[in-house]
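Right, one structure below, let's go through it.
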Amino acid sequence: MDFLNLVKTRYSVRGYLDKPVKREKIERCLEAARLAPSTSNSQPWRFIVVDDPELKDAVARETFGKLLSFNHFSLQAPVLILVTSEKPSLTIRIAGVIKKRKFNLIDIGIAAEHLCLQAVEEGLGTCILGWFNEAGVKKLLKIPSHRRVELIITMGYPDESAKKGPKRRKEMDIIRSYNHY
């Protein structure tokens with residue numbers, strides 16, 4: 001598939017089939033993420049794959065609550081991939097302070113999207129979650145307290161009947177300009 005069609009095909013999947021994902025496919029997605037560019041080649045990420053069904057369900061339950069149930073679909077996904085921030089070098093921390101940028105978050109976003117695009121190539125769907133109980137997730141997975149869980153990516157075979165329809169995006173003329181704002 002050419003790149004633009006790959007991007008057009010990718011969407012946030014919120015319904016999954018009850019079908020396990022082979023580790024070879026997960027590994028290719030992780031390899032795509034590993035190859036993502038990062039500030040000064042810092043690679044400020046670590047990926048934790050959760051595919052044990054009981055543990056996966058326990059982690060998934062940390063993505064929603066009684067009042068906010070919008071991530072309830074995470075229980076359907078056979079795989080969750082957590083992305084943690086790893087400590088950046090002193091140079092990158094100083095640059096971040098000077099430029100008022102969180103370079104590690106930019107880098108993690110790029111890596112996460114590489115992973116998600118490879119998932120489409122593998123016939124899989126994903127959804128990137130930023131809403132979850134970080135303390136609960138860290139406890140379940142024994143993540144050190146000094147590490148930050150930035151994202152949880154759900155992964156599995158999409159249930160096409162749960163798809164909400166075509167992508168709705170702003171028109172190009174609204175988001176693009178040349179040579180001035």
Filter the helices (runs of 4 or more DSSP H) completely within the stretch 50-125 down to those with at least 1 residues that are crowded, with 18+ Cβ neighbours inside 10 Å and of a type in the set (S, T, N, Q). 103-121
Select from the stretch 29-43 the residues that are of a type outside the set (S, T, N, Q) and crowded, with 16+ Cβ neighbours inside 10 Å and write down the one among them that is farthest from G96 (Cα to Cα). C29
If you take the residues of the stretch 2-24 that are part of a loop (DSSP other than H, G, I, E, B) and in contact with a helix residue (DSSP H, G or I) (Cβ under 7 Å, 6 or more places away or on another chain), which of them is surrounded by the most Cβ atoms within 10 Å (Cβ to Cβ)? R14
So I128, is it in contact with a strand residue (DSSP E or B) (Cβ under 8 Å, 6 or more places away or on another chain), closer than 21 Å to F64 by Cα and hydrophobic (A, V, I, L, M, F, W, C): yes
Tally of residues being in contact with a Ser or Thr (Cβ under 8 Å, 6 or more places away or on another chain) and at pLDDT 95 or above across the stretch 13-43: 3
In the stretch 148-176, residue farthest from the chain's Cα centre (by Cα) [restricted to those that are free of Cβ contacts under 8 Å to residues at least 24 places away in the same chain and more than 20 Å from V13 (Cα to Cα)]: D173
In the stretch 143-181, anything closer than 27 Å to P78 by Cα and assigned to a helix (DSSP H, G or I) is listed as E160, S161, A162
Which one of these is more than 30 Å from W45 (Cβ to Cβ) and at pLDDT 95 or above: I153, I143, I174, I128? I174
Assess whether R46 counts as being surrounded by fewer than 18 Cβ atoms within 10 Å (Cβ to Cβ) and either hydroxyl-bearing (S, T, Y) or assigned to a helix (DSSP H, G or I) (or both). no
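The values are calculated or read from the model by the stated rules, or taken from the named source; none is laboratory data. Note that the structure is predicted; figures quoted are calculated from it, not measured. Quick reminder, even Gly has a Cβ in these numbers, built from the backbone with ideal geometry, and neighbours come from all protein chains shown.
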